[in-house]
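Okay, so here's the structure we're looking at.
The values are calculated or read from the model by the stated rules, or taken from the named source; none is laboratory data. In this text, all values refer to a predicted model and were calculated from it rather than measured experimentally. Positions of Cβ are backbone-derived with ideal geometry, glycine not excepted, and every protein chain shown enters the neighbour counts.
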Amino acid sequence: MTTHWILGPGAIGRLLAHSLASLVEVAVIGRRDLPSRQLLTTPEGEVHVQHLTSLTAERLVADAPEPPAFVHITTKAMAAEAALSSIASVLPPSTPLVLWQNGFYAQPRITQMWPGPVLCATTTQGAYLTGDDGVVYAGRGPTFVGDLDNQHAGSAKALAALLSEAGFTASAVGDIRSRLWQKLAVNAAINPLVALHGVRNGELRGDAYSGRVVAVVKEVAAILAKEGVLPPNGGEGKAAWLALVWQVVENTANNKASMLQDVEAKRLTEREAILGPLIERAERYGLGCEVLKGLNRELALLEARF
Ligand SMILES: NC(=O)C1=CN([C@@H]2O[C@H](COP(=O)(O)OP(=O)(O)OC[C@H]3O[C@@H](n4cnc5c(N)ncnc54)[C@H](OP(=O)(O)O)[C@@H]3O)[C@@H](O)[C@H]2O)C=CC1
Ligand SMILES: CC(C)(CO)C(=O)C(=O)O
């Protein structure tokens, strides 16, 4: 049996571990010990119990086990590089990595520094933790896999096939870069506003926030046009981005977005991975991004109080 290491035993990491465990050998690696008896609550409310091999990075490095076929990095975006460094000494440099982060921060950095294949996965599967021994699989959604330079189509295809067998709806794609930016655009329009104002996604439709959503999308659409990311669904410019954002707001109206959950738990948000790349590109292309900068500043001030 091949082995997959899952580095970052959070919501997505544990969902992945539960899903893959019957097909490949799985080890979940974190910063602290977790119980091996783990619960998964399905979207239909069924509870499955599974024993997962879980160990700390420190213990893994001390044991120096046989190298894995894949390492999935399932930390938050800003933690991905530190997590990888913590186990890099026991990884052959040719080990394929799979990055599951939102945003466009970890992906280009790790692709540039890691000698082996680096696949990126973008998913709309939804999951959240209920403690050290439980994860709720909150909603099903597609997963796309590919690498930023389109050099590893074979690995992406093999991984997508395995993920599909494990119950994900996964496809290998040749445009993962655009898909990551597309998700980032939606996250930039929704997450900071709901996190700052403590509201569910659907409330963005009201008069208090809708103008601010439009203002964010206007800046994002201009930046992505310069970046060469095509507007979604074959549409044109800002209108197409806005239509996508309102569609996601509608579909997730009752959601507490991930950034709001982070703020409520007083955890650092993924603002640097979502707003950061947009602001950096805007500055590179000489475009205004005062709205994005303002949101970033407000979030930074909020985080400073944690
Ligand atoms: N949850 C979801 O529904 C979705 C999440 N995503 C994306 O997936 C990524 C992960 O999100 P999610 O699973 O929700 O996040 P979580 O916060 O639930 O999980 C992150 C995990 O990473 C661990 N971690 C942090 N630093 C390290 C380290 N140095 N070494 C090992 N483990 C570490 C944390 O452990 P500790 O307890 O020690 O802090 C935690 O278990 C994010 O980029 C998110 O945007 C994408 C789509 C959906
Ligand atoms: C699409 C959205 C905004 C759904 O809540 C999301 O991806 C998130 O919460 O991070």
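If you check every pair at least six apart or on different chains, which have Cβ atoms under 8 Å apart with a residue in the stretch 253-267 that is farther than 12 Å from residue 299 by Cα and assigned by TED's automatic domain parsing to the domain that holds residue 201 first and a residue that is β-branched (Val, Ile, Thr) and more than 13 Å from ligand 1 (Cβ to nearest atom) second?
Pairs found: 256/194; 257/194.
Can you tell me which residue among 97, 39 is surrounded by 14 or more Cβ atoms within 10 Å (Cβ to Cβ), away from ligand 2 (no atom under 16 Å from the Cβ) and farther than 30 Å from residue 189 by Cβ?
39
If you go through the stretch 211-230 one residue at a time, do you hit one that is in a loop (DSSP other than H, G, I, E, B), among the small types (Gly, Ala, Ser) and away from ligand 2 (no atom under 13 Å from the Cβ)?
Yes: the stretch 211-230 contains one or more residues that are in a loop (DSSP other than H, G, I, E, B), among the small types (Gly, Ala, Ser) and away from ligand 2 (no atom under 13 Å from the Cβ).
Hey, can you tell me all the residues within the stretch 55-85 that are over 17 Å from residue 13 (Cα atoms) and among the small types (Gly, Ala, Ser)?
62, 64, 85
May I ask you to list the residues in the stretch 256-286 that are closer than 14 Å to residue 219 by Cα and within 12 Å of ligand 2 (Cβ to nearest atom)?
274
Give me the pairs: first residue in the stretch 40-60 and touching a residue at least 12 places away in the same chain (Cβ under 8 Å), second residue exposed (fewer than 14 other Cβ atoms within 10 Å of the Cβ) and among the aliphatic types (A, V, I, L, M), beta-carbon distance under 9 Å, and six or more apart or on different chains, which are they?
Final answer for the pair search is 40/47; 40/49; 41/47.
For the stretch 39-62, give me each residue that is more than 21 Å from the chain's Cα centre (by Cα) and either under 20 Å from residue 165 (Cβ atoms) or more than 14 Å from ligand 1 (Cβ to nearest atom) (or both).
39, 44, 45, 46, 47, 48, 49, 50, 51, 52, 53, 62
Are any residues in the stretch 63-95 away from ligand 1 (no atom under 15 Å from the Cβ), among the aliphatic types (A, V, I, L, M) and under 22 Å from the mean Cα position of the chain (by Cα), and if so, which ones?
69
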